[in-house]
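Everything on this sheet refers to the single structure shown next.
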Amino acid sequence: MAYARAIADAYARRGLDPSGVLAMARIAPADLHDPQARMTAAQMEELSAAAMRELDDESLGAFARRLPWGSHGLLARGSLTAPDLGTALKRWCRHHGLLADDLRLALAVQGTQAAITLCEARPLPAAQRELCIAYVLRNVHGLACWWIDSRIPLQATRLPFAAPPHADAYGHMFPGGPVLFEPGAPGAALLFDAGYLALPLRRDERALTQLLRQRPLSITVRPYRRDRLLAPQVRLLLATRAGDTRSAAALGALLHVSARTLHRQLRDEGTSLQRLKDEVRAARARELLLRSDRPLKQVAAAAGFRNVKSFARAFRGWTGQAPGAFRCGGAAKA
């Protein structure tokens, strides 16, 4: 209900009465001040959409100047021609800054992890700050999922404010990894696998027009059944079910795709089955070398090698070091 209070405050700052939109969303005025009161996601969407229309402000009073009704549709439309999700998100972040310079949004990639970051260029109003940050992050995550018609599980969500009384709701709004409340942090961030950035957009102008007609609020996260990024799924199966994933055909059967489709989709994602196998083997070998005193022969077998010689040759290719030297160097650092 803190979000409903933030919307009611936006009305008060404009000298307007929110009772009409509250009634439309079936929210009693007394509920605004009840710390135990909750509303459903459907009520929140209905309340937000009605308030944005009536105030003609999709920022709900959070920005220095209004974000006129239709702005988020315009942002989504501006990225539809992007060749892949990474390009679309970069455009979206840049265009959002053109419409509202209160926030700085950016896409960053470090190794295999991508991050959508949000920083305040100027302090947001205290009453709307939490709602604004959560809304913008949820909007861009949901839009990204919609663009590629896929779930994008979050590895973590970082929020620059203390955990509110309703902190448990954030796990539903940002599904995946942990939600971290970090008061005093320079900004917020959504962390996810960078492999999704290479996936092509699967929506067009007609699909967007239909979506905005059905749900004029914006795009929020929906329970997509399919995850179009195969690499993380393959990596997990290789690590946890080594005995059942000895061939591409066996692995494809577990993922309900043919071996040919498996190889093609991994190639489209910029990787290969052999590369993923090497990553899993290398990670397993490094862990055993640093965290156990097993002989090299046992480490080689656990990493999927028939003999120490072939394991040592592969390990040197992965790390530039022999297994023994790697183990000694790790022990010295510890």
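Table for the structure above
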| read-out | value |
| --- | --- |
| The range 170-189 versus the range 108-166: alpha-carbon centroid distance in Å | 7 |
| Stretchable slack from V257 to D56, in nm (0.36 nm times residue separation minus alpha-carbon distance) | 67.6 nm |
| Under the span-like rule (Cα at least 18 Å along the axis, Kyte-Doolittle mean at least 0.5), DSSP H helices of the chain | 126-148 |
| Pair A207, Q233: separation of 7 Å Cα→Cβ label points (nm) | 1.7 |
| Positive-end residue of A37, H96, G70, charge dipole of the range 1-107 with Cβ unit charges | H96 |
| For the range 244-313 versus the range 42-61, the gap between their alpha-carbon centres in whole angstrom | 50 |
| From phi via Karplus (6.51, -1.76, 1.60), per-residue ³J(HN,Hα) for the range 30-35 in Hz, x at Gly/Pro | 5, 5, 4, 9, 9, x |
| Built amide H within the under 5 Å cut-off of A106, gap 5+ | T117 |
| Three-way shape call for the chain based on the alpha-carbon gyration tensor, with the a/c threshold at 1.5 | prolate |
| The range 283-333: C-alpha gyration tensor shape, a/c 1.5 cut-off, then a/b vs b/c | oblate |
| Sparse-neighbourhood loop sites, trypsin sites (Lys or Arg not before Pro) in the range 1-91 - DSSP loop, at most 14 other Cβ within 10 angstrom | R14, R26, R38, R65 |
| Amide proton proximity set for L180, modelled H, under 5 Å, gap of 5+ | T157, R158, L159 |
| Electrostatic dipole magnitude of the chain [Cβ: Lys, Arg +1; Asp, Glu -1; Cα centre; debye, to 20] | 1980 |
| Mean Cα-pair separation over length for the chain, i.e. relative contact order, pairs under 8 Å, 6 or more apart, % | 13 |
| GNM top mover of A76, A302, A185 - the chain, alpha-carbon springs below 10 Å | A302 |
| Estimated FRET transfer efficiency (A185, R14; beta-carbon r; R0 51 Å; 0.05) | 0.95 |
| Cut-off under 5 Å, modelled amide H: who pairs with L199 long-range | L85, G86 |
| Candidates A51, A231, A162, ranked by Gaussian network fluctuation over the chain, Cα under 10 Å, top entry | A162 |
| Gaussian network model of the chain, springs between alpha carbon atoms under 10 Å - residue of L60, L289, L230 with greatest fluctuation | L289 |
| Bridge type composition, the chain - antiparallel percent by DSSP, nearest 5 | 80 |
| Phi-based couplings in Hz for the range 156-163 (Karplus 6.51, -1.76, 1.60; Gly and Pro marked x) | 5, 10, 10, 10, x, 8, 5, 4 |
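Coordinate-derived values only; no laboratory data. Predicted model only: the values in this text are computed from it and were never measured. Cβ atoms come from the backbone with ideal geometry, glycine included; neighbour counts cover every protein chain shown.
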